[in-house]
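Taken together, the values in this text are just the output of simple stated rules run on the coordinates, not laboratory data. It should be emphasised that the depicted structure is a prediction, and the values quoted were computed from it without experimental measurement. Heads up, the Cβs are rebuilt from the backbone with ideal geometry, glycines too, and the neighbour counts pull from every protein chain shown.
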Amino acid sequence: MSSKINGHVSPQPCPHLLVFRSRNGPKPFRALQDCIRVKPPGGRAAIRREPSEVPRCGTCEESSRSRLYACVACAAVFCHAPLLHSHASDHALSIPGHEIAVDVDRAELFCCACGDQVYDRDFDAAVVLAQTVNATATTSTSGSTAMQCSVAGSQPENLRKRRRVDYRPWEPDSGEHISRGNQSIPLLDATNASLVSSTQQPWGLRGLNNLGNSCFMNSILQALLHTPPLRNYFLGDRHNRYYCQQKNGAINGTKNSRLCLACDMDALFSAVFSGDRTPYSPAKFLYSWWQHAANLASYEQQDAHEFFISMLEGIHEKVEKDKRKSQSPGSGDCCIAHRVFSGILRSDVMCMVCGFTSTTYDPCVDISLDLEPNQGGSGKSSSAKSLNSFNVEADCMRPNQNCGISTLKGCLERFTRAEKLGSDQKLFCQKCQVRQESLKQMSIRKLPLVSCFHVKRFEHSSIRKMSRKVDRYLQFPFSLDMAPYLSSSILRSRFGNRIFPFDGDEQDASNDLSTEFELFAVVTHSGRLDAGHYVTYLRLSNQWYKCDDAWITQVNESIVRAAQGYMMFYVQKVLYYKESENQGTS
Amino acid sequence: KHSVNRPPTPDGAEDQGNEPTLQEIINIKLIESGEKERLMELLRERLIECGWKDEMKALCRSYVKKKGRNNVTVDDLVHLITPKGRVYAASVPDSVKAELLQRIRSFLMSAAL
C-alpha cells in the first residue's frame, strides 16, 4: 500500500481519495489552499474560511473536546472522536464523495471512511509553502522549492553532483615502487606471525608510553589509530612521510624546516602496526604538536578534546598549500582530517513575531553536547548510581527523563530541539528589520564518515573564575542511528505529517551512505579536573580493549558501558567491518 | 453540488435558543485571543520534555510492528493510546499541570470572566 521513494515511504492514496481526485479535476484541493492560515509562533498551518473563524461541529456544536474536520467537498465542519462519536464519519458515510476531510487545526487530510490519514502532494506542497512564505518572495519555476527558498546563502558545495569514477585496480608508479621496496615492512612474516597469533591480539594494538601527563594525547591517538577511514588512509600509504618531506624541503630550501603532522601520523601508524608489541613512545609526535600548538606546549595535563581539534587543524593546515583542492572543510576534499570527520550542521533561526526563518550551514568536525541540567525533584528519579550494573536499560525501560539516567540520544534530542533564545539574545530579523525574540533549531545536514561526540564535562566559568567537572554518568549505545537528527527529519517534524516535495534534493545531501553508525572508540576521563586520567576503550573484532597509556588489556563490554564517556567515536556502519573471531594468518 | 466557498453555516445554538455554556464562552475567548494556541504549544513542549510523547510513540511503534504497517489506521492508533495516554498522564510532572492551571487562571482573571 505504500512505496519507497529514495528511502522515504510515500503512502498510496486510499480508494476514496482516488475517486475524489478523479471527480474533481487535476487540482482538487485548490480552493482549500486559499483557507490555509499560518499562526506564529511555531508557524502551525490551520484551515479557516475567515482568519477569525471559530470552527464548530455542525451536528453537535462541539468546538473544544475533539478534533474538528472540514469536509473538502462541502466545507461543513464536524467533530471526530474515534472512541466516542464521530459526526465526521456519519457525514462521510451518508453522502458519497464526501469521505475526504481536512483537520482544521493541522491542515492534514483525512479519509473519514477509512479512518486514516491521506496525503496529496500538491496540497502538502501548498501547506509547506504557506508556512515558509515569509522567507522570500521569489517564485521558482519548479514550484516545489519552498525549502530551498528559505536557505540563506548558497547551497553547500558538496551538493554538486559527484561524478562517478570507474574502478581501476591500483598499480604503483615508479616513485611508489621505490618507496614500497625501501620503507615497507611486511605485515606477516616468519618473525612476527608467531608473535601475533600467540598473543591473539588484533593488529595495531600497541601501548603508548606516558611522556609526562600525556595521557590526553595517548587516548586520542589510540582512537585515531583505529578510526577505520583514517587507518586505511595511512596504512594505504596515501601520505608518505619520506616523499612529503622531500617536497617540503624542495619548496623551502631547508631540510626539516616545516613540520607536518600528517607525516608524524604516518610514522605513528607504521610503528603501531609494525607488529612490535612493546610500548611505543610518541615523542616525535608530541614535539611536533608542541610546535604546532605552542600555547599548549607544556608538561601539564591538557584537554583531550582540545588536542583532538588542534590535531585535525594541524593536518588541515599542511594541505592548505595545495591550491588544486577545494579549501572548504565542508566538502571534505581539503584534507584527510576533514574527509573523515567533517559534517555539516544546519541552523534555523525563526523570528517569533513574523515567522521569517534564516538558515545557515556550517561545517563541524564533532558535536559537543551538554549534559542535562539536574533533574528537578519529581519524586520519581531513580538514582544514577547504578553505574556498575548495565541493567540501566532494564531498570529504566521508559525513555522518560524522570528516570534520571542521561543518554547520548537524549543529548542529541536536546541538541536538535527547537530552543527559544532568551530575551537578552534577540536576533536581527530581516523581515521585521529589528531585533526580535527567536527560535533556534539545529540539525545535521550532512553526516561525516566518523561522528565524534564530545560530552561537555568541563565547565569553565569566567565570571566566577572557577572550573568544575561534571561526573554524571552518560549512557551511550553501541549502535546509533542518526536519522532522527538529520535536517530532513527535523524539518519533517516541524511541518506535521506531510509528503515533502523536495525529498529528492534532501536525499542528495544525506547521500548514499546510510545513517547507521557503530561505536568503535570511547575516550574516558576519571578523576578531578586538575588531577585526572584519560583512558581509551577500543572495539576491535567485536572485543573491547582498554588502552591505558602503555597497558593494553582485553575487557568485558560491561566495563565499557559503565565507563564515564568523554568522547565517543562512531563510524558509518558500512565502513565498520566486524571481523570474524578467527584471524587467519596465511 | 456545493462549492467550498459557501457562506458559513448559521449558528445552530442561536436558532435553538440555547445560551452558550460557560465552557463554550471560555473556549471562544481562549481561541480568539490566541491563548489557546499558546497553551497548546506549551503543553506540547512539556509533554515532550517529560517523555510522555516518547511513551506514546513507543506504544504506537510496537503496535504497528505487530500488526504490520499497512494494516494500521490513525483511528486504530487513537483507540490504542487514548486510554494509555490517560494512564501515562500520571507520569507528567505535577509542575507541568500546575503551570498550565496557573496560566489558565491568569487568563480567566485577565479576561474578566
Label-point gap, in nm, between A:Asn542 and A:Ser493 - each point 7 angstrom along Cα→Cβ
3.2 nm
If you consider only alpha-carbon coordinates, what radius of gyration and Dmax does the range B:23-111 have, in Å?
16.3, 50
For an R0 of 41 angstrom, estimate the FRET efficiency from the Cβ-Cβ distance between A:Arg48 and A:Glu306 and round to the nearest 0.05.
0.15
Rounded FRET efficiency, nearest 0.05, which uses the C-beta distance separating A:Asp90 from A:Ala483 and R0 of 60 Å:
0.90
Full extension between A:Arg23 and A:Leu427 adds, at 0.36 nm per residue less the Cα distance, a length in nm of 140.6 nm
Counting Lys +1, Arg +1, Asp -1, Glu -1, what net charge surrounds A:Val38 among other residues with beta carbon under 11 Å of its beta carbon?
+4
The FRET efficiency for A:Val574 and B:Arg69, from their Cβ-Cβ distance with R0 = 25 Å and rounded to 0.05, is 0.50
Within 15 Å, Cβ to Cβ, of A:Gln117, how many net charges do the neighbouring residues add up to if Lys/Arg are +1 and Asp/Glu are -1?
-3
Put a dot 7 Å past each Cα toward the Cβ at A:Ser64 and A:Lys469; how far apart are the dots in nm?
5.5 nm
extent check for the range A:15-133: Cα max minus min per principal axis, descending, whole Å, gives 37, 34, 21
Surpassing 26 Å at the alpha-carbon level, of the pairs A:Lys409/A:Lys546; A:Lys456/B:Lys57; B:Lys29/B:Lys97; A:Lys440/A:Lys469; A:Lys27/B:Lys57; A:Lys446/B:Lys67, are A:Lys456/B:Lys57; A:Lys440/A:Lys469; A:Lys27/B:Lys57; A:Lys446/B:Lys67
According to a simple spin-label model (label point 7 Å from Cα along Cα-to-Cβ), what is the distance in nm between B:Ala90 and B:Ile104?
2.1 nm
